[in-house]
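Student: I'd like to ask some things about the structure below.
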Amino acid sequence: MSIWWALQTLALLLVFAAVSADDVVVLTEANFEQEVGKDRSALVEFYAPWCGHCKKLAPEYEKLGASFKKAKSVLIGKVDCDEHKGLCSKYGVSGYPTIQWFPKGSLEPKKYEGARSAEALTEFVNNEGGTNVKIAAVPSNVVVLTSDSFDEVVLNEKKDVLVEFYAPWCGHCKSLAPTYEKVATAFKSEGDVVIANLDADKYKDLAEKYGVSGYPTLKFFPKGNKAGEDYDGGRDLEEFVTFINEKCGTSRDGKGQLTSKAGIVASLDSLVKEFISASDNEKKAVFAQIEEEVEKLEGSAARYGKIYVKAAKSSLQKGADYAKNEIQRLERMLEKSINQAKADEFILKKNILSTFA
């Protein structure tokens with residue numbers, strides 16, 4: 001029985017390894033020959049994480065992957081040659097990125113020598129694979145600014161806005177693009193946070209107005225400072241996320257999920273602790289204090305405060321086990337397939353209830 005379980009576990013791990021969070025299949029030494037050279041053709045990018053040309057190719061290659069996602073006869077894959085040196089050596093890879101075409105049923109590749117754009121790659125795959133796929137229109141969560149919309153979006157006193165000033169020909173801008181898109185996606189549910197960009201080559205007057213002299217330049221325009229301030233942080237997803245959470249008072253992770261800190265209001269913490277430790281007769285008085293404190297809150301804190309009041313009221317009516325039982329119910333709900341808005345709602349309630357448990 002133990003051998004059977006081991007084999008099943010290994011099979012699941014191999015399947016999981018072949019699935020990318022994006023639309024390009026991640027190939028490894030363990031799964032390469034299970035995915036390539038079988039009953040479908042494959043275009044494979046052999047890359048290195050530190051390679052500048054690979055970073056420039058990344059958004060185009062992801063667009064290609066999205067386009068061929070539903071094409072059952074073609075696989076779009078990639079191999080990290082830093083991690084799988086033996087595999088890359090086996091296929092004669094000596095520079096990055098190297099793109100190779102593997103016909104159906106063959107592990108003898110043909111090197112791709114064309115342009116590194118999604119359009120050129122799509123044309124090549126269609127010709128070689130006998131497909132007729134068109135480039136997918138990938139929706140973006142980055143707000144595209146123009147001279148007409150800049151002031152309306154960026155100078156809005158109710159919004160915290162991060163702006164990337166870029167040039168279409170700029171290599172560093174192209175490298176940043178996929179990460180910047182992930183930042184925008186992570187915060188798309190935050191109504192008062194905007195992740196935007198401006199073609200500074202096209203709108204030179206705006207670039208000059210804000211002192212932009214190199215690309216990409218990132219500036220943050222918080223609600224309280226519409227003169228703008230330079231973003232000097234790192235350009236990894238997590239560094240952007242940390243910056244925005246600190247500056248905007250949000251609590252998101254890189255995937256856009258609310259963290260365990262979301263919804264927690266520091267000014268209510270001591271009152272909740274007092275409420276928990278109070279006797280049944282004293283709880284009503286502390287509850288009144290919580291209501292009074294919540295009345296003073298503004299913005300998103302006021303919304304969270306209402307959840308505190310409801311949690312305290314339910315605890316009064318249903319007893320000390322209410323918070324623990326409700327947390328368990330919410331955890332079961334979160335395990336189901338639910339939309340982002342519902343997930344946010346349940347996580348906020350769960351976080352706040354945890355202060356009462």
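The values are calculated or read from the model by the stated rules, or taken from the named source; none is laboratory data. Owing to the predicted nature of the structure, the values given are computational and were not obtained by experimental measurement. With ideal geometry, Cβ positions are generated from the backbone for all residues, glycine too; neighbour counts draw on all protein chains shown. Please note that ligands, DNA and RNA were not included when accessible areas were found on the heavy atoms of the full protein model with its side chains. Shrake-Rupley method; radii C 1.70, N 1.55, O 1.52, S 1.80 Å.
Student: Counting other Cβ atoms within 10 Å of each Cβ, which GluC sites (Glu not before Pro) in region 240-342 have at most 13 and sit in a DSSP loop?
Tutor: Sparse-neighbourhood loop GluC sites (Glu not before Pro): E295, E298, E335.
Student: Can you match Cα extents along the principal axes in Å to one of these, (i) 79, 61, 27; (ii) 80, 71, 33; (iii) 78, 58, 32, based on a calculation from the structure here?
Tutor: Given (i) 79, 61, 27; (ii) 80, 71, 33; (iii) 78, 58, 32, the structure-derived one carries the label (ii).
Student: On to the next question. Rounded to the nearest 500, what is the chain's calculated 222 nm mean residue ellipticity when only DSSP H runs of at least 4 contribute -39500 (n - 2.57) each, over all residues?
Tutor: -14500 deg cm²/dmol
Student: At 0.36 nm per residue, minus the direct Cα-Cα distance, what do M333 and H53 gain on full extension? Give it in nm, one decimal, please.
Tutor: Working: separation 280, 0.36 × 280 = 100.80 nm, distance 4.37 nm.
Gain on extension, M333 to H53, equals 96.4 nm.
Student: Using the membrane-span-like helix rule (whole DSSP H runs, Cα extent along the own axis of at least 20 Å, mean Kyte-Doolittle hydropathy at least -1.0), which helices of the chain qualify?
Tutor: Helix filter hits for the chain: 2-17, 52-67, 171-186, 280-294, 299-318, 340-354.
Student: Per q in 0.11, 0.20 Å⁻¹, report the Debye log10 I(q)/I(0) for region 143-278, using one uniform scatterer on each alpha carbon and no solvent.
Tutor: Summing over Cα pairs of region 143-278 leads to -0.43, -1.19.
Student: I'd like the projected area of region 253-315, averaged over all directions, using the convex hull of its alpha carbons. Report it in nm² with one decimal.
Tutor: In nm², the orientation-averaged hull projection of region 253-315 is 4.7.
Student: Further question: Taking the chain as a Gaussian network, Cα atoms linked when under 10 Å apart, which of A288, A323, A312 shows the biggest mean-square fluctuation?
Tutor: It is A288.
Student: Just to compare against my own numbers: the Cα pair-distance distribution for region 299-342, 10 Å bins, whole % per bin, please.
Tutor: Each 10 Å bin holds this share of Cα pairs: 24, 41, 34, 1.
Student: Report the Rg/Rh value for region 152-223, based on alpha-carbon coordinates and the Kirkwood definition of Rh. Write out the running numbers ahead of the final one.
Tutor: Numbers: Rg = 12.2 Å, Rh = 12.6 Å.
Result for region 152-223 is an Rg/Rh of 0.97.
Student: Across every pair of different alpha-carbon atoms, what Kirkwood hydrodynamic radius in Å does region 252-357 reach?
Tutor: 14.2
Student: Still on this structure, I have one more. Label point 7 Å out from K261 along Cα-to-Cβ: which residues of region 131-163 have amide N under 20 Å?
Tutor: In region 131-163, the label zone of K261 (backbone N under 20 Å from the point 7 Å along Cα→Cβ) covers 160-162.
Student: Also, quick follow-up: Measuring from centroid to centroid over Cα atoms, what is the spacing of region 73-122 and region 170-188 in Å?
Tutor: Value for the Cα centre distance between the two parts: 25 Å.
Student: Please return the longest stretch of the chain lacking exposed loop sites, where chymotrypsin sites (Phe, Trp or Tyr not before Pro) count only if DSSP places them in a loop and at most 11 other Cβ atoms lie within 10 Å. It would help to have the intermediate numbers written out before the result.
Tutor: Details: sites that count: W50, W169.
Result for the longest clean stretch: 170-357.
Student: How about the chain: what cysteines have no other cysteine beta carbon under 4.7 Å from their own?
Tutor: Taking the Cβ cut-off of 4.7 Å, the unpaired cysteines of the chain are C248.
Student: Among the trypsin sites (Lys or Arg not before Pro) in region 139-208, which ones are in a DSSP loop with at most 16 other Cβ atoms within 10 Å of the Cβ? Mind listing them? List each step's numbers first, then the result.
Tutor: Working: sites: K158, K159, K174, K182, K188, K202, K204; in loops: K158, K159, K188, K202.
Filter output for region 139-208: K158, K188, K202.
Student: In addition: Relative contact order, percent, of region 199-287 when contacts are C-alpha pairs under 8 Å separated by at least 6 residues?
Tutor: 11
Student: Taking 7 Å along the Cα-to-C-beta vector as the label spot, tell me the K202-Q317 distance in nanometres, rounded to one decimal.
Tutor: 5.4
Student: Loop only per DSSP, at most 14 neighbouring Cβ atoms within 10 Å: give me the trypsin sites (Lys or Arg not before Pro) in region 280-357, ordered by residue number.
Tutor: Listed in order of number, the matching sites are K296, K336.
Student: Taking a probe of 1.4 angstrom, what is the accessible area of T259 in Å², to the nearest 10?
Tutor: 40
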